[in-house]
Amino acid sequence: MSLPSSLSRRNFLTLVGIGAASTLAGCASTVNSGPIVSPVQYTGSPKPFRSWFSSYDGEQPDPAVIYAALDDGGFHVPAVPYQQIDQRFYRQRVVDPTGEAPGTVIVNTTQRMLYVTEQGGTAMRYGIGVGREGFAWQGRGIIQWRKKWPRWNPPDEMVARQPELVKFSIANGGMDPGLKNPLGARALYIFEDKQDSLYRLHGNPDWRSIGKAVSSGCVRLLNQDVIDLYDRVPERAPILVTT
């Protein structure tokens with residue numbers, strides 16, 4: 001499916017019934033991964049990536065350490081059974097395949113990879129899951145702000161489709177932060193041309209969705225990874241989302 005050039009991201013979200021408030025509503029996700037969806041195809045010529053098989057001979061984070069249980073913000077985040085995830089989606093340092101300036105966040109939705117470029121030609125790479133909303137925008141923007149343990153406010157259109165969510169509606173104050181909250185431990189909010197893109201990078205209570213396209217959500221990371229990402233990436237950092 002192609003998006004006509006005249007169709008804005010907001011209009012697209014309206015058409016698919018997602019709706020949006022400019023706070024937390026644009027990226028709903030579920031604990032259980034839904035059916036796999038096909039990526040939206042885009043026009044234009046984003047800067048090509050080299051393969052994600054980028055070698056790096058230096059020391060790597062130990063997955064047994066970085067995916068261990070941790071206490072954060074009053075919540076106990078359980079350990080990730082990383083042995084059940086494809087190793088290429090582990091957090092790891094790679095030779096930078098993007099050519100972007102150090103300090104840039106790059107999301108490649110086709111690869112299911114997120115990169116943070118570093119000085120010296122390397123990048124920290126994270127595996128991601130991408131929901132339908134995660135395919136609905138690409139381009140350059142900035143991380144306008146970040147939030148620890150955010151609330152989730154499903155838009156009214158979503159509540160109308162799923163009445164069981166009414167207790168978490170905007171009118172009722174949304175869902176409290178916590179391990180079952182679809183936005184997880186952190187959320188990073190992306191703006192384009194000083195406007196909210198409704199695109200989010202956020203934590204994820206379901207490790208099974210990493211490396212997959214799932215039924216809903218923007219770009220989700222393991223909670224341990226989104227905590228690490230939050231600490232590496234300041235507000236106003238540049239971001240590129242491509243396919």
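The values are calculated or read from the model by the stated rules, or taken from the named source; none is laboratory data. What you see is a predicted model; the values in this text were computed from it and never measured. Cβ sites come from the backbone with ideal geometry, for glycine too, and all protein chains shown count toward neighbours. For accessibility, only protein heavy atoms count, side chains too; no ligands or nucleic acids. Shrake-Rupley method; radii C 1.70, N 1.55, O 1.52, S 1.80 Å.
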If we scan the stretch 201-218, do we find a residue that is in contact (Cβ under 8 Å) with a residue 40 or more places away in the chain, within 16 Å of the chain's Cα centre (by Cα), buried (at least 24 other Cβ atoms within 10 Å of the Cβ) and in a strand (DSSP E or B)? yes
Subset of the stretch 59-80, residues open to solvent by less than 40 Å² (accessible area, probe 1.4 Å) and either charged (D, E, K, R) or under 16 Å from Gly203 (Cα atoms) (or both), comes to Ile66, Tyr67, Ala68, Asp72, Val77, Val80
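Only one of Arg161, Arg151 is touching a strand residue (DSSP E or B) at 6+ places or on another chain (Cβ under 8 Å), open to solvent by 80 Å² or more (accessible area, probe 1.4 Å) and farther than 30 Å from Thr98 by Cβ. Can you tell me which?
On the way: Arg161 fails: touching a strand residue (DSSP E or B) at 6+ places or on another chain (Cβ under 8 Å).
Being touching a strand residue (DSSP E or B) at 6+ places or on another chain (Cβ under 8 Å), open to solvent by 80 Å² or more (accessible area, probe 1.4 Å) and farther than 30 Å from Thr98 by Cβ holds for just one of Arg161, Arg151, which is Arg151.
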Unmet requirement for Tyr230, which otherwise passes all of (1) in a helix (DSSP H, G or I); (2) in contact with a helix residue (DSSP H, G or I) (Cβ under 9 Å, 6 or more places away or on another chain); (3) open to solvent by less than 40 Å² (accessible area, probe 1.4 Å): (2)
Does the stretch 195-208 contain at least one residue that is at pLDDT 95 or above and among the charged types (D, E, K, R)? no
Tell me the residue from Gly217, Gly184, Gly203, Gly173 that is in contact with a helix residue (DSSP H, G or I) (Cβ under 9 Å, 6 or more places away or on another chain) and over 20 Å from Asp71 (Cβ atoms), please. Gly217
Just wondering, is there one or more residues in the stretch 178-187 that are farther than 22 Å from Ala79 by Cα, at pLDDT 90 or above, open to solvent by less than 20 Å² (accessible area, probe 1.4 Å) and of a type outside the set (A, V, I, L, M)? no
Out of all the residues in the stretch 231-240, is one or more within 11 Å of the chain's Cα centre (by Cα) and at pLDDT 90 or above? no
